[in-house]
Amino acid sequence: MAEVLGAEVIGSPDFVISAPASLNSDEPHGLAFAESPETLEEAMHSNVGAFIVPSSVEDFPKPAMRHPKPRAAFGHLLSLFDRPIFQTPGCHPTAVIHPSVVLGDNISIGAYVVIESGCIIDPGATIMPFCFIGENCKVGAGTVVLPHAVLLRNVTLGTNCEIGPGAILGHAGFGYYWDGTQQARVPQVGNVIIGDNVDIGALTAIDRATAGSTSIGDGNKLDNLVQVAHNVKIGKHGVFASQVGIAGSSTIGARNMAGGQSGYADHVIVGDDVILAGRSGVMGTISDPGIYGGAPCMPMRQYRRVTVIHADLPNFVNRIRALERTVKELEGKD
Amino acid sequence: MAEVLGAEVIGSPDFVISAPASLNSDEPHGLAFAESPETLEEAMHSNVGAFIVPSSVEDFPKPAMRHPKPRAAFGHLLSLFDRPIFQTPGCHPTAVIHPSVVLGDNISIGAYVVIESGCIIDPGATIMPFCFIGENCKVGAGTVVLPHAVLLRNVTLGTNCEIGPGAILGHAGFGYYWDGTQQARVPQVGNVIIGDNVDIGALTAIDRATAGSTSIGDGNKLDNLVQVAHNVKIGKHGVFASQVGIAGSSTIGARNMAGGQSGYADHVIVGDDVILAGRSGVMGTISDPGIYGGAPCMPMRQYRRVTVIHADLPNFVNRIRALERTVKELEGKD
Amino acid sequence: MAEVLGAEVIGSPDFVISAPASLNSDEPHGLAFAESPETLEEAMHSNVGAFIVPSSVEDFPKPAMRHPKPRAAFGHLLSLFDRPIFQTPGCHPTAVIHPSVVLGDNISIGAYVVIESGCIIDPGATIMPFCFIGENCKVGAGTVVLPHAVLLRNVTLGTNCEIGPGAILGHAGFGYYWDGTQQARVPQVGNVIIGDNVDIGALTAIDRATAGSTSIGDGNKLDNLVQVAHNVKIGKHGVFASQVGIAGSSTIGARNMAGGQSGYADHVIVGDDVILAGRSGVMGTISDPGIYGGAPCMPMRQYRRVTVIHADLPNFVNRIRALERTVKELEGKD
């Protein structure tokens, strides 16, 4: 195994590895990795059998192998144990496919899939059971749509995407106006365009545009339970963690990252390379690349300082009161 | 087109419009609208071909049409391009419908729908593929239930509602008590009652009541990924944006609005015409109409002021320190 | 009825009860309960017909029954009106079940269920319509999987669990690294292990581990729209309200509770008996049992104090300004 990973064994090479393991697990025959001083310390007391450690580590009290990049070697190890979900080639007999649908070669359509008129399924695409692909959708080559996902209508997926189970793309944008007696719907006639190599998480919702497109650029990765509202535009290679919400018509640049439960207000404009800590709130334009935190968000350094003071507010109130007393005394003395 | 919208053309009437467009899109033959000075400025530099502008605009550097209410005219334009999802009339042969179900005229039941005993589907209702309609549910006339929605049991929908894809109505309320050795379930024997003209978003959950009803009044609009817990009661014509959460037994008045990711604690009472900024948190009774922000929320004006000070806390801490130094010197001089 | 509940009637025993009711409902023949002075006061003005009140109540202006524990008696009442969802025994003919699947006795498999290879369904389990049970999953004895739930792969459920409608268990963990040109997937080869008597809410997502297990201990109760990321470990008997998010590799002890919309950052460690108020944010280790609030969270007492000061910041700023003026005058006098 060390040979395959390009690593060098410390101690006896006889240790038998059964599977990759996480540092905090309990697998005597697992192989995990540790890189930082903290995780190396933790590794020594872990129940995991063996570790990949940095080349700089001389001694280790457990079976281990040295590698210049333990995390990358561990990723390599994972890929050796990975196995794609098996999908039978062709169309399952229970799939209900409109005669106008264009099906490419080497596709797999699972049980109980419904595909409506005007759809195009490109070569090598996989549509898993219970997916609903509504009118005028396109699934790019090599893209996998996991069970229970919905492309409601007018959704275009690029190549090699993965759409998570239960994700809903192409539902009507949330637009209403008070017509004097009730909230009336603004018709939502636009579409959703997803680039290449985009992964969408489980139970994530991406609404179609009022007019034009809700668009997500190549290489984006969205986690579970994320909301992307109508007419949002996201540049390439972003990473958005779970429960993030992006309100209508916001524009986000390339290589953005957002921690879990962050939110973007509607119509905000965010430049390239902006990173949000978890639970951040973007209320307006962010032009400068960098790390931000808080709601409304601010540069991370400021946020850290503000947070420390915030938790210590009772102390500062006491200091204000003490000042008031002292100043009153000083005034009295005059 | 100007004639249809009741607008007056500025410049040459020969411009060909292909579709409605959003201001920030890139469609040379699109028609968008601009109303405020900011959006009019943005419109001049946009790539969109033509614009609907307010009647007060004299000159415009692009093909344009004047209208007293550009937004309303754009809504009219959208409705001209809108097309309802096509649904085949009748019941798809794969639908599994219990013999006790009462089906009205002119309904459409899609592929792979399951409807359990005791349900009533009123005339003109549409149930799209993969919906599960459990025991004792009622779907009102003209209501559309989008693919993959679940009415688990004891759910009554009014007329002309739209239930979003993947929405789950009627799941058991989240009620447990510690019985000495474990968290034991409180039986949830109530129901869900949805009024007329209510829209429920994708992947939104509305739990049935412990006893009695979880009720959502006529004309409410709920966005995607919203949580409505057991025994919540919402008045008429509210608008609740994505990822809002409403905890158990809270009562919300008429015409409430809540921005994305807002939350209501359990058992709170909120009056009519209360508007929450995004990410607000309601922790207790709100009686006065108005706009609120923050968590716990406060009147918007106060929230704005507090937020500015909050971000500037390091400055105030420095001022406290400076005061302490000066006061110490003054004391020393005495 | 009073006899069944072990309660003592106040006033005439002739009142006819039709159903349990909630305090704020409108049911003249309903029976609700009231325990605290506030709810007893509310009960007197309620439209509900009758009430269960504490034994200490002497007089009550409505039909009522005394019980030492009104809430428990009401729970008993609810259980009398509860009725499990009816499921036909056996396998529905439309279920697509791989020949390798092992089916126990007395199971119920609903319409349009798909079960893939290597699965084990233990005796007395119920799989409702539209569930997708992917490769190598196990459903424990007596467990109920509600409609539209997905066990994607490598998911093990204990006995007597309830998996909510639309819940997604076993999707790939959200792990990516920048490989120089794009965000590349970290293979997710681990599994999900759910203990006994665990309830998972509607539309809740629990990702499988990168390596090893995402594990949720016996007796946990998760509400709707909750996110549990890869490699999270939760001890026994926790209660997690709606829209809570738990980021990757976090470890949470036994008997934790979290209010709605709370979040746990990744890799945090939380001890036993930690309770979070709604919307709390856990950013690091919490060792001491107790109640916490705020984001980043702090002990509840401190949080309450900080929150009061926070809302009152404009006042404190005015006091700082007043001090500055007075101190300046005092300096001038020297």
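The values are calculated or read from the model by the stated rules, or taken from the named source; none is laboratory data. None of the values given here were measured: they were computed from a predicted structure. So basically every Cβ, Gly included, is an ideal-geometry build from the backbone, and we count neighbours across all protein chains shown.
For this structure, a couple of remarks:
Yes or no, residue by residue, for (1) in contact (Cβ under 8 Å) with a residue 40 or more places away in the chain; (2) under 22 Å from residue A:213 (Cβ atoms):
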| residue | (1), (2) |
| --- | --- |
| B:20 | yes, yes |
| B:45 | no, yes |
| B:53 | yes, no |
| B:75 | no, yes |
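- All positions within segment A:1-18 that are in a helix (DSSP H, G or I) and either touching a residue at least 12 places away in the same chain (Cβ under 8 Å) or within 14 Å of chain C (Cβ to nearest Cβ) (or both): A:2, A:4, A:5
- When residues of segment C:77-90 are limited to those that are touching a residue at least 40 places away in the same chain (Cβ under 8 Å) and surrounded by fewer than 18 Cβ atoms within 10 Å (Cβ to Cβ), the one farthest from residue C:30 (Cα to Cα): C:87
- The residues listed here are B:180, B:173, B:212; of these, the one that is modelled with pLDDT under 95, in the same structural domain as residue B:252 (by TED's automatic domain parsing) and closer than 17 Å to residue C:24 by Cα is B:212.
- Members of segment C:172-207 found to be farther than 30 Å from residue B:208 by Cα, within 11 Å of chain A (Cβ to nearest Cβ) and either part of a loop (DSSP other than H, G, I, E, B) or in contact with a Cys (Cβ under 8 Å, 6 or more places away or on another chain) (or both), listed by number: C:172, C:173, C:174, C:175, C:179, C:181, C:182, C:186, C:187, C:188, C:189, C:190
- All conditions in (1) part of a strand (DSSP E or B); (2) surrounded by 21 or more Cβ atoms within 10 Å (Cβ to Cβ) hold for residue A:275, with the sole exception of (2).
- Selection count, segment B:117-152, where residues are assigned to a loop (DSSP other than H, G, I, E, B) and surrounded by fewer than 24 Cβ atoms within 10 Å (Cβ to Cβ): 11
- Residue in segment A:105-113 that is at pLDDT 95 or above, surrounded by fewer than 16 Cβ atoms within 10 Å (Cβ to Cβ) and at positive phi present: yes
- Test: residue A:152 is of a type outside the set (Phe, Trp, Tyr) and in contact (Cβ under 8 Å) with a residue 40 or more places away in the chain: yes
- All positions within segment A:162-213 that are in contact with a Leu (Cβ under 9 Å, 6 or more places away or on another chain) and among the hydroxyl-bearing types (Ser, Thr, Tyr): A:204, A:210
- Unique residue being of a type in the set (A, V, I, L, M) and either facing another protein chain (nearest Cβ under 10 Å) or over 28 Å from the mean Cα position of the chain (by Cα) (or both) when the list is C:107, C:97, C:127: C:97
- Considering residues of segment C:208-230 that are assigned to a strand (DSSP E or B) and over 19 Å from residue C:134 (Cβ atoms) only, the residue farthest from the chain's Cα centre (by Cα): C:227
- Any hit, segment A:24-34, residues being buried (at least 17 other Cβ atoms within 10 Å of the Cβ), in contact (Cβ under 8 Å) with a residue 60 or more places away in the chain and not basic (Lys, Arg): no
- Selection status of residue C:196, under 20 Å from the mean Cα position of the chain (by Cα), of a type outside the set (Lys, Arg) and assigned by TED's automatic domain parsing to the domain that holds residue C:136: yes
- Residues being free of Cβ contacts under 8 Å to residues at least 24 places away in the same chain and either out of contact with any Phe, Trp or Tyr (no Cβ under 8 Å at 6 or more places or on another chain) or crowded, with 24+ Cβ neighbours inside 10 Å (or both) - total across segment A:238-261: 16
- Scanning segment C:209-231 for residues that are within 11 Å of chain A (Cβ to nearest Cβ) and either touching a residue at least 60 places away in the same chain (Cβ under 8 Å) or farther than 15 Å from residue A:260 by Cα (or both) turns up C:209, C:210, C:211, C:212, C:213, C:214, C:215, C:224, C:231.
- Yes/no for residue A:232 being at pLDDT 95 or above and buried (at least 24 other Cβ atoms within 10 Å of the Cβ): yes
- Some residue of segment C:212-225 being of a type outside the set (Phe, Trp, Tyr) and farther than 25 Å from residue C:125 by Cα: yes
- Failed criterion for residue C:25 (all others in (1) among the polar types (S, T, N, Q); (2) out of contact with any Gly (no Cβ under 6 Å at 6 or more places or on another chain); (3) facing chain B (nearest Cβ under 9 Å); (4) more than 23 Å from residue C:144 (Cβ to Cβ) hold): (2)
- Considered as a group, the residues in segment A:153-193 that are of a type in the set (Val, Ile, Thr) and surrounded by fewer than 24 Cβ atoms within 10 Å (Cβ to Cβ) include one that is farthest from the chain's Cα centre (by Cα), and that residue is A:181.
- Scanning segment A:4-57 for residues that are acidic (Asp, Glu) and under 30 Å from the mean Cα position of the chain (by Cα) turns up A:26, A:27, A:35, A:38, A:41, A:42.
- Hits in segment B:237-265 - residues which are in a loop (DSSP other than H, G, I, E, B), within 16 Å of residue B:205 (Cα to Cα) and within 12 Å of chain A (Cβ to nearest Cβ): B:241, B:242, B:243, B:244, B:260, B:261, B:262
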